[in-house]
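Q: Next up is a structure, given as structure tokens.
Please treat every number below as a calculation from the coordinates, not as lab data. Remember, predicted model here, so these are calculated numbers, not experimental data. Please note: Cβ atoms are built from the backbone with ideal geometry, for glycine as well, and neighbour counts cover all protein chains shown.
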Amino acid sequence: MTDPALQQSSAKKPGRAPLPPASSWAAEPWLALSLILLATFLAYCSTLRFDFVYDDRGQILANVQVHAWRYLPHYFLERVWSFAYPSIQGNYYRPIFLLFLLLNYKAFGPYAAGWHLVSIASHAGVTYVVYVLARRLTHDNWTALIAALIFGVNPVHIESVAWISGVTDPLLALFLVPSFLCYLNASEGKAHRRAWLAGSLALYAFAMLSKETALILPMIIFAYEWLWHETAVLRWPRSIFERACISAVRIVPFVLLTFIYLVVRWHVLHGLGHTMVPLSISTIVFTWPHLMLFYLRHLVWPFGLSVFYNVPYVYTPAFAPFVLPLAGLVAIGFLVWLVVRGLGRDSPLEGRVALFCCVWILIPFVPLLDLSVLPVGEIAHDRYLYLPSIGFSVLLAMALRRIHTGKVKPLALPAFQAVVVVLLATVLGTATAIEDRYWKNDMSLYAHGIERTPLNKLARTNLGNAMGEQGRYVEALALYQEVLASDPQFWLAIYNTGYTYYRMGRLPEAEEYFKRAITVNGVDSDEYFYLGLTWMKLGNVEDAEKAVRHALRLQPGGLAYHFAMGMILKLKGDTAGALAEFKEELRNFPGESGAGQQIEAIKGLTNQTGKE
């Protein structure tokens, strides 16, 4: 659209809704936008008092790779969690996210308040770009402001904001949405078109390196080009083939960049993705309707949330778990089609924007369709709604703007419309402030998870772990046994039972459960490590050495692994081998005082022996 004459000509054609140049838009309503960002902050400000929870301890506090700059190259060469599970295949390649953690650790260290402040700021930043996107699409400041307000205070984002490690989604959105906006500038033939396109591609690269969900951007651009493009050269409507070709050409640079990313991802992960749960294609397909209804329900009614949900796999096309949800999706789709069609008749622009928002809601679920790459019990999470809620917020804002009851106030907003918006924002913001309190610490998070989903095995196991950290071993064991009564092969409960017995000093029971854990899942290094420590304390030094050496093969850089091997070799009288192990521990973990003390003790003993 570089020719203004063509743009004017196209604007006269039926069904055309050209975007006006940015310079023609009204000035930024900074006061209203500032109030929206303030409301967003207030909705989540209670999290500033919260602790590290869930995966935060393992991914941040116990992860030496995000504590020092010397590990920076590893972010681009290894997957997330490789520091803890190098022998286990994973699906997360997120170097920018790891860099984000490093920067935060350098700024705040192990103090959670600063981390939470950055999470809130990241979400507020996304709220702002949602405003920019909505205004760009609808050409209406008030629609954009309402969309930003709904997005900012929506409780469906609690998991992505209150949980520090959940910042991957706001981080992704901070790159992906501006990338799309830069593309719009480039596609409209603005000045410095190549610079805008280069910026869009650069931001897209950062988005992909933050979280793999960013791969949806070419699909979003394709959908946009399908709905908005020049109509002066060819008559409207074009054939499906012609529209598809034009849309496909526009995404070529993004597809090429995606290909480069996938090659790098394949090299690092040794594949594009790895199966976590073996599922048949039929099971995956039969589960989709039920899962999609779950997500749509949480978009429309974001209350009663939890970090755990019992969304089971559907193995057969039975009526209740498959046919009924499928019929519900078809009915919802038909209703949406009627609404969008009606909007299109009243205003071609509104019809296109509404349809584009529907596409924006659905496309982020595409990377989640292969349920086999998600761990057991992890196929349904509210954080997966972060991107879809952008489209939903704009769609809901458009619906609210069609309320014209009441006199128009000085701010050009009908009275009843303003009341509805304020009431909705108050309800959402209050719900956020109430629901996010469960993320205060591990105990409250997991207890709430059990309250919401009493049969969830992961929630019960994690609550047991939290109790164990407080020394409430008997209560922890009771929770593990409840889980094992329903699923005797649930590895986490088996392993943590052994670990709890180990901490209690009940070594024979610990040995039994560690052996059982290895039988169920023999690729975790910690189970061999603690089995070795158990045998060492029981006096079985030979088997202890074998177990710890196996743990070192699985995880050469495991915390205290070389120290334990040094203690075992010291018991066997191999002081030279023990000294080498203690030095290796100190090299991996410079702050490990125990290893340093053992080195000094061995050197002192050696010097004393030499003098004698």
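Q: Can you give me the relative contact order of segment 246-396 as a percent, contacts being Cα pairs under 8 Å and 6 or more apart?
A: Values: 124 pairs, mean separation 47.6, N = 151.
Over segment 246-396, the number comes to 32 percent.
Q: Compute the FRET efficiency between Leu455 and Leu571 as 1/(1 + (r/R0)^6), taking r as their Cβ-Cβ distance and R0 = 45 Å, and round to the nearest 0.05. Don't skip to the end; give the middle numbers.
A: Details: r = 45 Å, r/R0 = 1.01.
Between Leu455 and Leu571 the formula returns 0.50.
Q: Now, a different point. Can you figure out the FRET efficiency of Ala415 with Val300, using R₀ = 22 Å and their beta-carbon distance, to the nearest 0.05?
A: 0.30
Q: Decide, for segment 237-388, between rounded, prolate and oblate: order the square roots of the alpha carbon gyration tensor eigenvalues as a ≥ b ≥ c, take rounded if a/c falls under 1.5, and otherwise choose prolate if a/b is larger than b/c, else oblate.
A: Judged from the Cα gyration tensor, segment 237-388 comes out oblate (a/c at least 1.5, b/c at or above a/b).
Q: Would you calculate, for the chain, the mean residue ellipticity at 222 nm contributed by helices, counting each DSSP H stretch of 4 or more residues as -39,500 (n - 2.57) and dividing by all residues, to the nearest 500?
A: Working: 27 runs with 396 residues, N = 612.
After summing the helix terms and dividing by the residues of the chain, the value is -21000 deg cm²/dmol.
Q: In which sequence would Trp30, Trp115, Trp491 go, from the one with the fewest C-beta neighbours within 10 Å to the one with the most? List each step's numbers first, then the result.
A: Working: Trp30 8, Trp115 24, Trp491 18.
Final ranking by Cβ density, sparse to dense: Trp30, Trp491, Trp115.
Q: Dividing the Cα convex hull volume of the chain by residue count, how many Å³ per residue is that? Don't skip to the end; give the middle numbers.
A: Numbers: hull volume 105.3 nm³, N = 612.
Each residue corresponds to 172 Å³ of Cα convex hull volume.
Q: Answer rounded, prolate or oblate for segment 536-612, using the Cα gyration tensor with square roots of eigenvalues a ≥ b ≥ c: rounded when a/c is under 1.5, else prolate when a/b is larger than b/c, else oblate. Kindly include the intermediate steps, with their values, before the conclusion.
A: On the way: a/c = 2.46, a/b = 1.32, b/c = 1.87.
Oblate.
Q: Using Cβ contacts closer than 10 Å as the measure, can you line up Ile96, Ile164, Ile434 from fewest to most?
A: Values: Ile96 20, Ile164 24, Ile434 12.
With the sparsest Cβ surroundings first, the list reads Ile434, Ile96, Ile164.
Q: Say each of Leu538 and Ser347 gets a label point 7 Å from the Cα, pointing the same way as Cα to Cβ; how far apart are those two points in nm?
A: According to this spin-label approximation, the distance is 7.4 nm.
Q: Specify the inter-centroid distance of segment 565-590 and segment 413-435, based on alpha-carbon positions, in whole Å.
A: 62
Q: Let me ask something additional. Need the C-alpha centroid separation for segment 459-517 versus segment 186-224, integer Å.
A: Rounded to whole Å, the Cα centres lie 48 Å apart.
Q: So for the chain, taking the charge dipole from beta-carbon charges (+1 Lys/Arg, -1 Asp/Glu), which of Pro508, Ala547, Gln417 sits furthest toward the positive end?
A: Among Pro508, Ala547, Gln417, the one farthest towards the positive end of the dipole of the chain is Gln417.
Q: So between Asp55 and Thr283, what do we pick up on full extension, going 0.36 nm a residue minus the alpha carbon distance? Provide the component values of the computation, followed by the final result.
A: Values: separation 228, 0.36 × 228 = 82.08 nm, distance 2.88 nm.
Length gained, Asp55 through Thr283: 79.2 nm.
Q: In addition: Using a cut-off of 15 Å between beta-carbons, work out the net charge of the residues near Leu569 (Lys and Arg +1, Asp and Glu -1, Leu569 not included).
A: Working: positive: Lys546, Arg549, Lys570, Lys572, Lys583; negative: Glu542, Asp543, Glu545, Asp574, Glu581, Glu584, Glu585.
Net of charged neighbours comes to -2.
Q: From the backbone phi of segment 123-129, what are the Karplus-calculated ³J(HN,Hα) couplings (6.51 cos²θ - 1.76 cosθ + 1.60, θ = phi - 60°) in whole Hz, Gly and Pro given as x?
A: 5, 5, x, 5, 4, 5, 5
Q: Based on the Cβ-Cβ distance of Val427 and Val520, what FRET efficiency does E = 1/(1 + (r/R0)^6) give at R0 = 60 Å, to the nearest 0.05? It would help to have the intermediate numbers written out before the result.
A: On the way: r = 46 Å, r/R0 = 0.76.
Here the calculated transfer efficiency is 0.85.
Q: Which one, Cys358, Trp226, His274, is farthest towards the positive end of the dipole of the chain when Lys and Arg carry +1 and Asp and Glu -1 on their Cβ?
A: Trp226
Q: Rounded, prolate or oblate: pick one for segment 455-521, where a ≥ b ≥ c are the square roots of the eigenvalues of its C-alpha gyration tensor, a/c under 1.5 means rounded, and failing that, prolate if a/b is larger than b/c, else oblate. Each step should come with its number before you reach the end.
A: Numbers: a/c = 2.00, a/b = 1.03, b/c = 1.94.
Here segment 455-521 falls in the oblate category.
Q: When the chain is fully extended, how far beyond the present Cα-Cα distance does Val64 get from Arg136, taking 0.36 nm per residue of separation?
A: Details: separation 72, 0.36 × 72 = 25.92 nm, distance 4.29 nm.
Extending this stretch completely gives an extra 21.6 nm.
Q: Next question. Over segment 333-408, calculate the relative contact order: mean separation of alpha carbon pairs under 8 Å at least 6 apart, over the residue count, as a percent.
A: Values: 38 pairs, mean separation 23.2, N = 76.
Rounded, it is 30 percent for segment 333-408.
Q: Give the aspartates and glutamates whose C-alpha is closer than 17 Å to that of Lys440, dropping any in the same chain fewer than 8 places away, or say none.
A: Straight-distance partners of Lys440: Asp51, Asp55, Asp56, Glu159, Glu451, Glu469.
Q: Can you work out ³J(HN,Hα) from phi for every residue in segment 140-156, in order, using Karplus 6.51 cos²θ - 1.76 cosθ + 1.60 and θ = phi - 60°, giving whole Hz and x for Gly and Pro?
A: After applying 6.51 cos²θ - 1.76 cosθ + 1.60, I find 10, 4, 5, 4, 5, 5, 5, 4, 5, 5, 4, 5, x, 9, 5, x, 5 Hz.
Q: Still on this model: Among the GluC sites (Glu not before Pro) within segment 534-601, which fall in a DSSP loop and have no more than 10 other Cβ atoms within 10 Å of their own Cβ? If you can, show how the numbers build up before the last one.
A: Numbers: sites: Glu542, Glu545, Glu581, Glu584, Glu585, Glu592, Glu600; in loops: Glu592.
Those that pass, being in a loop and sparsely packed, number zero.
Q: Explain nothing, just compute: Karplus ³J(HN,Hα) = 6.51 cos²θ - 1.76 cosθ + 1.60, θ = phi - 60°, for every residue of segment 481-489 in order, whole Hz, x for Gly and Pro.
A: Values, residue by residue: 5, 4, 5, 5, 5, 8, 8, x, 9 Hz.
Q: Something else: Using only Cα atoms, tell me the angle between helix 168-187 and the longest principal axis of the chain; keep it within 0 to 90° and round to the nearest 10.
A: 30
Q: Can you sort Ile599, Ile158 from fewest to most other Cβ atoms within 10 Å of each residue's own Cβ?
A: Taking fewest neighbouring Cβ atoms as first place, the list is Ile599, Ile158.
Q: Over segment 536-612, what relative contact order in percent results from Cα pairs under 8 Å that are six or more residues apart?
A: Working: 61 pairs, mean separation 16.9, N = 77.
Result for segment 536-612 is 22 percent.
Q: How far, in degrees from 0 to 90, does helix 388-401 lean away from the longest principal axis of the Cα atoms of the chain, to the nearest 10?
A: It is inclined by approximately 30 degrees.
Q: A further question on this structure: What is the gain in length, in nm to one decimal, between Ala191 and Phe76 on full extension, counting 0.36 nm per residue of separation less the C-alpha to C-alpha distance?
A: Numbers: separation 115, 0.36 × 115 = 41.40 nm, distance 3.45 nm.
That pair, Ala191 and Phe76, stretches by 38.0 nm at full extension.
Q: Around Val314, which amide H atoms from residues at least 5 apart in sequence, or from another chain, sit under 5 Å from its own amide H, with H modelled in the peptide plane?
A: Sorted by chain and number, the residues that satisfy this are Thr287.
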